[in-house]
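Readers should treat all values here as calculations from the given coordinates under stated rules, not as data from a laboratory. Source: prediction; values computed, not measured. For neighbour counting, all protein chains shown are included, and Cβ atoms are generated from backbone atoms with ideal geometry for every residue, glycine included.
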Amino acid sequence: MSIRLHDRSFPDEYGICFAVEARAQGLHAELPGTEMWVWDEAWLPDFISQLAADYRGWADERTWQANHLTVRATFHSGGHVALTWQLQPWVSRSDAWQASITTWLEGGEQMSNLAADLREFLPNPGPTK
């Protein structure tokens, strides 16, 4: 089971575009054209960094969303974090589909490493809000 972000591009100085691929047994879903903009509520690397900083845990589900990608995080016993990645290319079409997979990481170091990898792949392209 895996999530892969790839095909990064910069449409202008305020945004970043990338594709997301989800793979699991019997599943291969691709979401091209995922966009993040500097004025979005939260940058994905910042969201993951905050989860890593809270390695002792939290009570409720935390959610990050941009365009057609949603990431939900829940903290579990033993210091493990479940990240559910939901891909949904259309929200209003009758033939719309969505796919989600859950990846598990240890809170703290594994989450910090993921945040660093995301920050390298998804640098904030413009001035901060």
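Counting pairwise Cα distances across the chain, what percent come out greater than 22 angstrom? Within the chain, distances greater than 22 Å cover 36 percent of Cα pairs. Among the GluC sites (Glu not before Pro) found in segment 1-58, those both in a DSSP coil and sparsely packed, with 15 or fewer other Cβ atoms within 10 Å of their Cβ, are GLU13, GLU41. Phi angles across segment 76-86 convert, under the Karplus curve 6.51 cos²θ - 1.76 cosθ + 1.60 with θ = phi - 60°, into 3J(HN,Hα) values of 10, 4, x, x, 9, 10, 9, 10, 9, 9, 10 Hz, Gly and Pro given as x.
Here the Gaussian network model covers the chain, with springs between Cα atoms less than 10 Å apart; of ALA96, ALA53, ALA42, ALA96 fluctuates the most. Each of PRO89, ALA29, SER77 was placed along the dipole of the chain (beta-carbon charges, centred on the mean Cα), and the one lying farthest toward the positive end is SER77. Kindly provide the chymotrypsin sites (Phe, Trp or Tyr not before Pro) of segment 1-49 that DSSP labels as loop, not H, G, I, E or B, and whose Cβ sees at most 12 other Cβ atoms within 10 Å. Of the chymotrypsin sites (Phe, Trp or Tyr not before Pro), the ones in loops of segment 1-49 whose Cβ has at most 12 other Cβ atoms within 10 Å are TRP39. Of the chymotrypsin sites (Phe, Trp or Tyr not before Pro) found in segment 73-129, those that fall in a DSSP loop while having at most 10 other beta-carbon atoms within 10 Å are TRP97.
In this label model, ARG23 and SER92 are separated by 3.5 nm, measuring between points 7 Å along each Cα→Cβ vector. Taking a Cβ cut-off of under 14 Å around ALA52, the surrounding Lys, Arg, Asp and Glu residues balance to a net charge of -2, with basic ones at +1 and acidic ones at -1.
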